[in-house]
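Coordinate-derived values only; no laboratory data. Here the structure is a predicted model, which is why all the values come from computation and not from measurement. Neighbour counts run over all protein chains shown; Cβ positions are idealised from the backbone, glycine included.
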Amino acid sequence: MTSKNKPFSPPKNSKATRKIPARSKASSRGIVVAQLPADSHPRRIQYESKLEHHILHLLLARRDVHDIWDQPPGITFCDAKGHVRLHFYDYLVRLRDSRRIALAIKPFEICQRTGFREYLQYVRAATDVSYAHEVVLVTDRSYRRVDALNAERLHFFRRHADDEADRIVAQVAQGLIVPTSIEALVVEAELGERGFAAAFRAIYTGVLCRLDDGEITPRSQVCAARSAEVAS
């Protein structure tokens, strides 16, 4: 059996300690299959809403993220009335520098209407540093939807890896003297439709530096990362 004909190996199960209900009229549930630096094999990562789906893709796009634990172990805490309760953070993120950040993800309007920020203060107080160094509330106002769109496309392109195209784009990037469009770079690389995906990945690996904002398209302007460092 050749390396090109390896048997299929399904992704590992989610590490979640709390099961997410399969259906809900109010939000979307699902999984994203990803392989983080902490993983030796792709695994399932759960999300419970479209907001969590966006945040998950944004996290997966970050180079400083080492691991993501979906629905990590619950935190026992006392609420404002002294009642003992259990809270599950949505994600526990471990960065490459070993810092751990617990994320509570909630729509801004719900935070305002339900007093979730005040509730989270009690949970934060009960969260030991051995669990997380920092607790962060993330809402739909914490990010731009276009950045989540770019991150989701990146995840798709990463799942269809093309090492050869990545090497060629990196070689072309090394020769860039002035900024150019992704479209022009792809033409020079002679990669056809493979080139856009490779250039997209190169932006997030730091091979290319993006010079404009918004959605990443063939018209987006890029330069070699080292050129951006010299300019700054």
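Structure remark: mean-square fluctuation, Gaussian network model of the chain, C-alpha springs under 10 Å; the largest value among V84, V135, V65 belongs to V84. Which residues among the stretch 160-203 fall inside the zone where the amide N is under 18 Å from a point 7 Å beyond the Cα of R144, along Cα→Cβ? Residues 182, 200, 203 fall inside that zone.
Once the GluC sites (Glu not before Pro) in DSSP loops with at most 16 neighbouring Cβ atoms within 10 Å are cut out of the chain, the longest remaining piece is 1-189. In a fully extended conformation the segment linking Q112 and E134 would gain 5.7 nm over its present Cα-Cα distance, using 0.36 nm per residue. Comparing K106, K19, K81 in a Gaussian network model of the chain, where Cα atoms under 10 Å apart are tied by springs, the biggest mean-square fluctuation is seen for K81. Phi angles of the stretch 108-120 translate, via the Karplus equation with coefficients 6.51, -1.76, 1.60 and θ = phi - 60°, into HN-Hα couplings of 4, 5, 5, 4, 5, 6, 9, x, 5, 4, 5, 4, 5 Hz per residue; Gly and Pro are given as x. Distance from the alpha carbon centroid of the stretch 152-177 to that of the stretch 79-112 works out to 35 angstrom. Spin-label model, S28 to R62: label points 7 Å out along the Cα-to-beta-carbon direction sit 2.2 nm apart. Each DSSP beta bridge with both residues in the stretch 100-232 is either parallel or antiparallel, and the antiparallel ones are about 50%. Work through the residues other than D213 whose Cβ is under 11 Å from its Cβ and net out their charges, Lys, Arg +1 and Asp, Glu -1. Here the charged neighbours net out to -1.
Out of A80, A202, A184, any idea which swings most in a Gaussian network model of the chain, alpha carbons joined below 10 Å? Checking each option, the largest mean-square fluctuation is seen for A80. Were the residues from E164 through D39 laid out at 0.36 nm apart, the gain over their Cα-Cα distance would be 42.7 nm. Summarising the strand pairing of the chain, around 80 percent of its internal DSSP beta bridges are antiparallel.
Given (1) 1, 7, 15, 19, 20, 16, 11, 6, 4, 2, 0, 0; (2) 1, 8, 16, 21, 22, 18, 10, 3, 1, 0; (3) 1, 6, 12, 15, 16, 14, 12, 10, 7, 5, 2, 1, 0, 0, which label gives P(r) over Cα pairs in 5 Å bins from 0, in percent as computed from the coordinates? Among (1) 1, 7, 15, 19, 20, 16, 11, 6, 4, 2, 0, 0; (2) 1, 8, 16, 21, 22, 18, 10, 3, 1, 0; (3) 1, 6, 12, 15, 16, 14, 12, 10, 7, 5, 2, 1, 0, 0, the one calculated here is (3).
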